[in-house]
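Okay, so here's the structure we're looking at.
The values are calculated or read from the model by the stated rules, or taken from the named source; none is laboratory data. All values reported here derive from a predicted model rather than from experimental measurement. These accessible areas exclude ligands, DNA and RNA; they are computed on the full protein's heavy atoms, side chains included. Shrake-Rupley method; radii C 1.70, N 1.55, O 1.52, S 1.80 Å.
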Amino acid sequence: MKFSYKILLCSIVTMAVSFGIGGYFFVNDVFRASLEREIGQAADDSSILKFAFETAALNIPSKYDMLQNGAVEEIGGNLENRGQGTQRLLRLSDENRNSLYASEGFVGDTALLAKIGEQKRAYQIIHPDEHYYIQTGVMVHALDRILYLETMRDVTEVYAERARGFAVYRSLTILLLVLSSVFLYFISYWLTKPIRLLTRAAREMTSGDYSYRAEQVSSDEMGQLTKDFNHMSHVIEENIHKLEDEIRAREDFIAAFSHELKTPLTAVIGYADILRSRKLDDEKHFLSANYIYTEGKRLEAMSLRLLDIIVAKRYRLEPQKTGAEVLCAYLKDMYAGKKEYQFQFDCEPCRICVEVDLIKTVLLNLIDNACKASEPGSVIEITGAEREEGYLFAVKDHGIGIPKEELRKITEAFYMVDKSRSRSHNGAGLGLALCSEILKLHGSELMIESTPGVGSCFSFLLPEREGAGDETSE
């Protein structure tokens, strides 16, 4: 059963029970009020008849010492005749509770008669046939006689009104339930609209459309649920795209790795076969062996870089305090003998907290890339400056630059902007990937600014660290 139908059914059942219980108590309350009014009127009528009987008994000529039965019958007949049109029925009984006079149609029930006592008024409701009666009884004192006066008042109309009240209330309840059902159907349909939209969104996502979002139609709890669902969908979509990118990057990595292995291995196998199968002069023999050696060294360098990247991803950082100027001095010494380029070092003195060997690797890779991108004799600037957020290293060249569309992929493994130029320098496209992993360990990232034909600037900001040791590395 649909949730909207459940809401509708529960609402109708609740309303039916509420109307039923409320109607029962309402009609019965009106009935009790009417019945109590009739009982009061019957009691008053009984008192009036008692007074009238006693008055009439006093007006009878006193031939005898006590009231005779014939006189009682006469008085009873007179009292009945005076009440014509009031549906009054009465009965008079003597001291032994034997009937002396009874109206036609008076029920011969003597149960109430036995309950009448001194200063006690009794009544009961009887249902001898299709009618309901209030039967009252009272003791009468007349000329030294004790008589019993009973009356019957027809209250069938009161019970008929109760029956009509129940019938009218049932009809009204059914009408209200029908009208309420129509109204509640639209209410339940409106209330469950967010659920239907969420269900549709879930089905769309199940079918593979992760960009589908549920429409938010309210700002209540259901609206908040829709908002949270859409946020969850957004996160799932992003994660799926990340997984797809990772799978694609892994496939590209395997393809690039296979290609990078295939090219030098083909050359190595070819030249090795020549050396194995032919006799060559000294010059060709040297060239072949040198090519095998060069390609072997490139494969070795690529293997070491790959190993460094894998290690960097699993590395547990143990930072130490050192001076930025110490790193700068180390780089000066490393490139002092390299006269093909003009190196300019300008590092502000500052204490930084880093894994020294890893940061050296990053700087060396960035400088090597700057050399590969630059023509001989070009200026390569290495700077370091203190910032509010930490210490900023930058390596700037004036080389070929990097196209804007290539910047996003530049840190992927085996990715090379100019493959021929990189291979001519024994590059495999792993340096920047290694730098990116090392900087992640330090809570930093590689920032790249480049203009084709003008040059590039690679920089990274090392954030300040607290609680590191005071050991200085040189």
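Using alpha carbon coordinates only, what is the Rg to Rh ratio of segment 99-234, with Rh defined as the Kirkwood radius?
Numbers: Rg = 35.7 Å, Rh = 22.1 Å.
Reported Rg/Rh, Kirkwood definition of Rh: 1.62.
Past 28 Å, Cα to Cα: identify those pairs from LYS2/LYS227; LYS2/LYS242; LYS242/LYS396, in the order given. Please report the intermediate quantities before stating the final value.
Numbers: LYS2/LYS227 23 Å; LYS2/LYS242 37 Å; LYS242/LYS396 32 Å.
Cα-Cα > 28 Å for LYS2/LYS242; LYS242/LYS396; rest within.
Considering all projection directions equally, how large on average is the shadow of the alpha-carbon convex hull of segment 351-394, in square nanometres? Display every interim value, and only then the final one.
Values: hull surface 14.7 nm².
Mean projected area for segment 351-394: 3.7 nm², to one decimal.
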Report relative contact order for segment 1-153 in percent, whole number only (criteria: Cα-Cα under 8 Å, sequence separation at least 6). 23
Accessible surface, per residue, of segment 172-239 when the full set of protein chains is kept, probe 1.4 Å, Å²: 68
Euclidean distance between Cα centres, segment 341-370 to segment 139-184, Å: 105
